[in-house]
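One structure is given below, encoded as structure tokens.
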Amino acid sequence: MAHATLTVTLPEKVWVQEVSSAHPEATFYVDAAVPGAESGFALVRITGPDVPAVLEDMEDHPQLTEISLIQWSENEATVHFETTAPLLLFSSRDSGMPIELPVEIRQGKATLEVAGSRDRLSQLADQFSRFGLEYRIDSVQERLHDTQLLSERQHELVVAAVEHGYYDTPRRCSLTDLADRLDIAKSTCSETLHRAEEAIIKQFVDNLVDVEQALPFEEELVS
């Protein structure tokens, strides 16, 4: 499963781009969202020194057809609203690529994380282009559960090695000490650690390659 972090530049004349650009010190956190057939609904937390002015601009924007103030203080407010231009929601829905919440938006740019297959990530990129959303892939890697990468015994041994200082510089624990602490043969300890280290290092290198493979998405954006 691919896990990617993206920065999305929202197009002009979309309410959140206009309002967040007009209030550069404000931060919008989309804590919950759901797309409808022709609109989207969201719960957004807004922080910053000019929250009342932000709320006033939101109330005046024609793309926000319903606004309910959930809670408010001097520097923070939570708002439930309906919008006719939920471009991120539509992109996620039409590509089948879930967007992890919260999404942070500042000065017309959204920072978001997505998780799914590489094919879905490609479809999400296509939807961004369709809706006029420019994007940059900041990172992409394969997300594996620990048990997929290491065996249970390898996982236990690596954790113990870290806890006892085997990987510290200088080392606080030798291979012999580690084997004695775990009551296993030194040769078994060495072989198990080596296989675990091999899996970890190869996965690390694969992640580096994954980031390089994300470059075509950025080249597509530039072109």
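Quick one: net charge of Ala42's neighbours, Cβ under 14 Å, K/R +1, D/E -1? With Lys, Arg at +1 and Asp, Glu at -1, the neighbours total -2.
The charge dipole of segment 7-77, taken about its Cα centre with unit charges on the Cβ atoms of Lys, Arg (+1), Asp and Glu (-1) only, comes to about 260 debye. Comparing Ser129, Ser117, Ser68 in a Gaussian network model of the chain (Cα springs below 10 Å), the most mobile by mean-square fluctuation is Ser68. Taking square-rooted eigenvalues a ≥ b ≥ c of the alpha carbon gyration tensor, is segment 58-120 rounded, prolate or oblate, where a/c under 1.5 means rounded and, failing that, a/b exceeding b/c means prolate? Verdict is prolate for segment 58-120. The fraction of accessible area contributed by carbon and sulfur in the chain is 51 percent, rounded to a whole number (1.4 Å probe; ligands and nucleic acids excluded). Given R0 = 35 Å, the distance between the Cβ atoms of Leu149 and Thr7 translates into a calculated FRET efficiency of 0.80. Here the Gaussian network model covers the chain, with springs between Cα atoms less than 10 Å apart; of Pro102, Pro24, Pro35, Pro24 fluctuates the most.
Pairwise Cα separations in segment 1-160 fall into 10 Å bins from 0 onward with the following percentages, short to long: 10, 37, 28, 14, 8, 2, 0.
Distance between the C-alpha centres of segment 157-179 and segment 71-150: 40 Å, rounded to the whole angstrom. Stretched out straight at 0.36 nm per residue, the stretch from Trp72 to Ser139 would grow longer than its current Cα-Cα span by 20.6 nm. Of the residues Phe81, His164, Ala125, the one whose Cα sits farthest towards the positive end of the charge dipole of the chain is His164 (charges of +1 on Lys and Arg Cβ, -1 on Asp and Glu Cβ, taken about the Cα centre). When only Cα pairs below 8 angstrom with a gap of at least 6 residues are kept, the chain shows a relative contact order of 24 percent.
For the chain, modelled as a GNM whose springs connect Cα atoms under 10 angstrom apart, the maximal fluctuation among Ser151, Ser174, Ser122 occurs at Ser174.
In a fully extended conformation the segment linking Ala53 and Glu163 would gain 34.5 nm over its present Cα-Cα distance, using 0.36 nm per residue.
Within straight-line reach of Lys202, meaning a Cα separation under 30 Å, sit the following lysines at least 8 residues removed in sequence or on another chain: Lys186. Take the Cα radius of gyration of segment 32-82 and divide it by 2.2 N^0.38 Å, N being the number of residues; the result is 1.13. Annotation: Cα Rg of segment 65-162 relative to the compact-globule expectation 2.2 N^0.38 Å equals 1.52. Summed over the residues of segment 26-159 and divided among them, the accessible surface reaches 51 Å² per residue at a probe radius of 1.4 Å.
Using the Cβ of Glu82 as centre and a radius below 14 Å, the other residues enclosed give a net charge of -3, where K and R count +1 and D and E count -1. Computed over the chain, the per-residue total of -39500 (n - 2.57) for DSSP H runs of n ≥ 4 gives a 222 nm mean residue ellipticity of -13500 deg cm²/dmol, rounded to 500.
The values are calculated or read from the model by the stated rules, or taken from the named source; none is laboratory data. It should be emphasised that the depicted structure is a prediction, and the values quoted were computed from it without experimental measurement. Cβ coordinates were reconstructed from backbone atoms using ideal geometry, including for glycine residues, and neighbour counts include every protein chain displayed. Side chains included, ligands, DNA and RNA excluded: accessible areas come from the protein's heavy atoms. Shrake-Rupley method; radii C 1.70, N 1.55, O 1.52, S 1.80 Å.
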